[in-house]
Structure formats: C-alpha cells, structure tokens
Amino acid sequence: MKQTNNVTKEKTVEKHTLSVLVSYNLNALSRIIGIFSGKGFEIDSISFGSGKKSDLARITITTHGDVQIIEQITKQLNKIIDVVKVNDLTYDSFVDRELALIKVTATRSSRSEIMQIAQVFRAKVIDISPEKLTIEVTGNRDKVNAFIGMLYPFGVDEVARTGSVALKREFDGNV
Amino acid sequence: MAQAKTQTIDSATNKSQTPEPAVLNGAELLIRTLKDIKVDTIFGYPGGAVLPIYDALFDEHDINHVLIRHEQAGAHAADGYARATGKAGVVLVTSGPGGTNTVTGIATAAMDSIPLVVFTGQVPTELIGNDAFQEADIVGITRPITKHNYLVKDVNNLEQVVREAFHVATSGRPGPVLVDLPKDMLNTECRYSGLKKISIPSYKPTEEGHATQISKAAQLLSEAKKPLIYAGGGAVLGEAWEELTAMAERLNIPVTTTLMGLGGFPESKPQSVGMLGMHGTYYANMAMTECDVLLAVGARFDDRVTGRLDGFSPHSKKIHIDIDPSNIGKNVPVDIPIVGDVKKVLPSIDRQATKPDTEKWWDTINTWKREHPLKVPDSETTIKPQLMIERISHYTNGEAIVVTDVGQHQMWAAQHYTFNYPRSFLSSGGLGTMGYGFPAAMGAAFGCPDRTVVCITGDGGFQMTAYELATAVEYEVPLKIAIMNNECLGMVRQWQELFFNKRYSHSILKKGNPDFVKLAESYGAVGLRATNPKEMDEVLEQAMAINDGPVVMDFKVEEHENCYPMVPSGAALNEMVEGDE
C-alpha cells in the first residue's frame, strides 16, 4: 500500500525568546520550570522579576527547538492556571539584554589592553586589584559571548550572567 | 462545562438562608463551603493534621463521609464517583503519608482528565520545612500531576481557594486539584462570605470554536468519500454524546471510539465500528487507515491508538476538536484544528455539513465487519474470558456501569461488552493503574446508587486494593466484583509469550493467590466461584440478586488465552495480528 508520510515535521531548530507574564508566586515559577524538566524541553536561560504590578512577574525564557516543540512549550505554559500571557517574541521585533560580570586576570602588562577591549564593548570596570579586573557588560547574548571570548586569552576566572530579559519593540520600523 | 456551572455558580443562591454563626474556624468554613458547592460525598481517612475537619464532620448530615481503608483507594473511589456522575470527586486525607498515598490516584485522574479535589492536611504553618512529624511537601510532589494546586497560607483565602479548586477541576479540560491545609488554618477563626462568582483572570478556557474553522470542517466532511469520526474521552467528559449521535446518524458517518470514549456513541447503532487501537476491532483500525477525512472529537492521538505514527491514517485530512490546545498537533499534524468545547462545536459543524456520499465506504466497512468480527471462542469445559464478558453484558442488559482494572480483562471488557450509555465504562486509560478497578467501582456505586455497578478485574489487580472489601461491606455497597482469574498477570504473560520467547518471568501468581471466596467471606461479603460456563451462569444469576452488599465472583478462566486483535508495539494499525486460528 502506498503510504504518504504525513508526519514530516519542520526539524529546523531555532532559538526562541518567550516572555511569560505570571502571578507572582513560587508555585507558579516551579510549574513553569517543571514543564521544561518534565516534558523534556530545554531552557537556555531564564530570568524572573516583578512586573508592572507587584502581584505579577515577568519571566523571560530563552529556549530552542523545532517549530512543533516551541508550539508545545507555548501551549503547555499557557495551560498553567497562573500564567496570564505567553509571548513568543521571536516573531516580533524585540529588544533583549543580558548583564554579565566577568572577573579576569589582569597583570600590569595586560591591564590597559583589557580596558581597551572593554571600551570597544562599552563595558565598565567595576572592581580593580593588582591581579584582577571585574568588568560589567550588558548587551544581547551574542555581544556578551563575544566579549567573554575576547577576554579568554587573558584568563577568565569567574563569570556571573543574568540570562536574557526582553520586551517587544513598540516601533515596528515602518515610516 | 455543565457540571462546572452547577457546582460554582449555584453557590450564591442560598447565601443567607442558613442561620449559622458568621464566625467559624477554618475547618467549619471548609465544610460549610463544601455544602454550598453541593458536595454530597467525601472519600477520606482521618489523621492528626485533619482532626479539626473530622470534628466538624462529626455532626454533619448533609455530607456523606466514606471511610476508605487506604488513601490510594480513596482517590480512585473519588475518581470513579466523578466519572460516573460528572461531578468532582472529593478526597480528604491527612498530611505526610496520607497525601503521598493519594499520588497514584491523582496521577490516574490527571491522565484521564477527571475532576478531583483532594484536600490534604499539612503540619502547622510555622513547622513547614522543619521535617515535622508527618510532614511532606505534597504541593511539590503533586505539581506535575495536578491541573493546579494550592497551599493555604492565610485562612481568609480559604473559601476563595476551595471555590476556585472546584471551578478549575471541573471546567475546561477537567483534572485533579489539590488543596493543602496547614493545621493552624483549620483552627483559626474566620468569616464565611458566600462568595458569588469565581473568576480567575489568567484562566479562561476557550469553549466556542472558531467560526471559519468550523465552516472549513463542515465543508471537508460534506465532500468526504470515506469519512470517519474518532471520539475520545472528551466526548464523554464534555457530555457531547447526544450531539455526536445526532450528527453521525444524520450524516451516516462511521464512528470509532477510544477506550475512554466507550459509551460516548452507542455501540448498537449501525454507525458504530467499535473501539480502535492496540486491541481495537479490525474494522475500526482498517477504517482509520483507509479514511480520507478524520474528525477527532476530544481525543488525543495516544500511542495506544495511533500505532506507528507514519502509518497512522496516512490518507486523511484531519479535523481535531479539543478544549485543550496543547493536545492539538502534539502527536499528529492536523489540517483543521478547532479549540473548543465539543458539545458546542459539534452542533455547529452538523448544521453546516451536508450528507456525504458514503455508500461505497459503507460497503467496504461492512465487508470488513462481516469477514473480521470479534471472536468469542467456544468451550464447554473452561470459561473463555471473552465469554465471561459476554455473559456479564447479557445479565446486566448492557446497562451496568462497568469498571475495570488494567490488563487483558480490561481489553476484553472493552471489546465484548456492548456499551450504549455514556459514563458507563470506567477504566484507567492513560496511566494504566492496576488496583484502580475495585475502589473506582465502589465510588461509582456511591455516586449512582440506582444503577448496577460491575467491577471486572483480574486476580492480580484485585489484590492491589482488595482491602477495600471492608469499606464495601461496612457501607453495604451492592457491588458485583467479577474476577477474571487466570492465575497470572495476563497481559504481561501474553507479551512474554509473544515477544520474550515464552519466558514467564515473575508473571505467574498461582502459588500465592488467595482463595477469593474465603477472602470475601472473611470480610463478611458473599463469595462465589465458577470453573465452567454452566457454573458461571449460575453464579452470575445469584450475584445479580444480591443487593445488600458486595459479591465477589471468582471466575477461573482459560489461563493461556491471548487478547486479539493486537497491534504489536511499533507496528501500524493495519498490521494488527488477529490471533491464533
């Protein structure tokens, strides 16, 4: 019998940024994380903070998967009773930022070079000692990655990153 | 859904007629709120943390508290009550082990979308996190298996939480909800307000289907040559059986149901092609494979239904109606998704669709039906399991509520009992919980005292919750328990025979099995035994006449009978094995 294969799915894995508005309580946050761990989805980064109203929180999740997986993630998140809204920002124009603190080895000979690199990335030195510099950088994930990459040759000791936070752009660019 | 409205909105009407004191403690408030929601039955087990609630229940006459013998069985009983009545089942247990014992029952209900509200005691608020006596993080434990759960931290929220819990459990896609009650909440004074409407801003299930999608679906069905309706548990839970029957009859479209959908469409109607899936009928599985338009009604394309996905209904355009958007496109891509309540969407499609020309399609289906019927093997000496089901169907006129456990007997019951009424086949479909059958049957009997309830179970599954005989005897539940006793774990044995070289590893129960007649008698129940077809008829006749307590029927059946047709795992539906001839 001829069988048409009707289960071909779009298998291209894409990065997605989801903005989730949710009642501010830890049970809700646990349920959100539980959807990912329990159903085998991935979290690349997650950030959690209060939103405009104090009883609501905005959670920004970056994840990846094919179209079908992202659709399931969105639907499963929407099913959580405390979730008010799920926005997949990927399809909109949006701004996202991440903050990273990087502690890098800086000797007398390398310090000025590191500071020059930091200037290129508009990063700020926020702590200094004879052997170390701690630098703050904000930007999207790629920029932060690139900056950390530039610092590796000098010896990166520690990194603390916030994960992305994101909002939809209001102005869509058409004039 | 209908039951949601009766349980939540009614509440306001009798607000001020009871002259009870306005100030009560949390436990009294709980009971008063439950009464207002019209809860009539609670399945529970007392313990330290819930003593205040049990004290409030002591003088309570409007709520029937059923003392079960184990909390797991309590959750199953509430589940059976919910499936049979359409109302939420209510469970009340203590903290720690009381809560953890309900976990299997909650997961069972979650997989089959059954409305349960489970109240668990909790240690006092100030002791939470201290490893206090009988403390367990039950909200954490049940998070993945509940639709929603609550820890009450302020007694002033208790009434709101209780009302929300029932609303969430019974509306949209139903499911279990757990409410954790720290002991100090139950002892604190508070006020009863008789809240009116429950509204959760972040929870608004979509009930009306999208008009354009409905028109597209109607058009597709009208133009179909080989249409098929595939009805799942949603058709029963959504109480859409009349709408479904009306549409299938008017358009003359064949209907197959899933295990959970049994009774959602009367099997005596000519449009019925029975159950599909792993142990479905030949003609249902063939119709699924050959159809050109598939209308899925409240079904979720479970792996036991679809078989190998790339061979599943490969030629059809698919329409899928479901109240839960996450079910749509989850396993199988769908051409026309419709998010909505099946009870509302079906009539809209029916109004717009014209009768498709299905004459040739019916010729094909009727040929399949004629050439590949379900078989009941003949024997005078031993009881064939299929015959056992057929005789039960005969003695109950096909009108009983049939509650099964899990395994071969479950599949035979699904195949050979003729289901014509909704809410009449209760079974753990999604989770496949052994031990479910007997307590769930008991719950159904509490919910529907006017109907005959038959529990069809196995010798393995019955032993998992057989202790509930104590409850059934205490409350004189007129339950017919038919044990299909093949002295082994039949379905495990069948798989071992077919796929593991007949190496029957730990699946034979013969040596340890009790004498089920004596077991029943030791509880004060009636026990009967049959070893051949003639005795079986006598036993069934006798059992049907007993109405003041449970009857345990031990039917010694053919041990090596296998359940067919069978779609081996990894095979497509049309590659089913029809059995040894």
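Each reported figure results from applying straightforward, stated rules to the coordinates on display, with no laboratory input. Keep in mind the model is a prediction, meaning the values are calculated, not measured. Neighbour counts run over all protein chains shown; Cβ positions are idealised from the backbone, glycine included.
If you look at the Cα atoms of chain B, you get an Rg and a Dmax of 24.2, 73 Å.
Using only the C-alpha atoms, the convex hull of segment B:211-371 corresponds to 93 Å³ per residue. Taking a ≥ b ≥ c as the square roots of the eigenvalues of the alpha carbon gyration tensor, segment A:95-168 is prolate, as a/c is not under 1.5 and a/b beats b/c. For segment B:385-556, DSSP calls about 5 percent of its internal beta bridges antiparallel. When the square roots of the Cα gyration tensor eigenvalues are ordered a ≥ b ≥ c, the ratio a/c for segment A:1-127 is 1.5 or more and a/b does not exceed b/c, which makes its shape oblate. In this structure, the amide hydrogen of B:H65, modeled 1.01 Å from its nitrogen in the peptide plane, lies closer than 5 angstrom to those of B:I42, counting only residues at least 5 positions away or on a different chain. Here the dipole of segment A:10-91 is about 300 debye; that uses its Cα centre as origin and unit charges on the Cβ of Lys and Arg (positive) and Asp and Glu (negative). The Kirkwood hydrodynamic radius of the protein assembly as shown, based on inverse pair distances between different Cα atoms, is 28.5 Å.
Placing unit charges on each Cβ (+1 for Lys and Arg, -1 for Asp and Glu) gives chain B a dipole about its Cα centre, and among B:V39, B:Y282, B:L540 the Cα reaching farthest toward its positive end belongs to B:Y282.
Remark: chain A carries a charge dipole of roughly 200 debye about the Cα centre, counting +1 on each Lys and Arg Cβ and -1 on each Asp and Glu Cβ. Under the shape rule built on the C-alpha gyration tensor, where the axes satisfy a ≥ b ≥ c, segment B:23-191 is rounded, since a/c falls short of 1.5. For segment A:10-91, the relative contact order works out to 47 percent when only alpha carbon pairs closer than 8 Å and six or more residues apart are counted. Projecting the Cα positions of A:S109, A:L151, A:L133 onto the charge dipole of segment A:83-175 (unit charges on Cβ atoms of Lys, Arg, Asp and Glu, taken about the Cα centre) puts A:S109 furthest along the positive direction.
The mean count of C-beta atoms from other chains within 10 Å of the C-beta of residues in B:192-203, rounded to a whole number, is 2.
The charge dipole of segment B:385-556, taken about its Cα centre with unit charges on the Cβ of Lys, Arg, Asp and Glu (plus for the first two, minus for the last two), comes to roughly 660 debye. Given B:T142, B:S199, B:N187, which one lies farthest toward the positive end of the charge dipole of segment B:122-243, if we put +1 on the Cβ of every Lys and Arg and -1 on the Cβ of every Asp and Glu? Positive-most Cα among the choices belongs to B:S199.
In segment B:385-556, Cα pairs under 8 Å separated by at least six residues give a relative contact order of 22 percent. Across chain B, the relative contact order, built from alpha-carbon pairs under 8 Å that are at least six residues apart, equals 14 percent. Among the residues of A:79-85, the average count of other protein chain beta-carbon atoms within 10 Å of the residue beta-carbon is 5. What the phi angles of segment B:41-51 give under the Karplus curve with 6.51, -1.76 and 1.60, with θ = phi - 60°, is a coupling list of 9, 10, 9, x, 8, x, x, x, 5, 10, 3 Hz, glycine and proline written as x. What's log10 of I(q)/I(0) for segment B:16-95 at q = 0.17, 0.25 Å⁻¹, Debye sum over Cα points only, no solvent? Here log10 of I(q) over I(0) equals -0.68, -1.27. Size of segment B:385-556: Rg and Dmax of its alpha carbons, in Å, are 15.0, 48.
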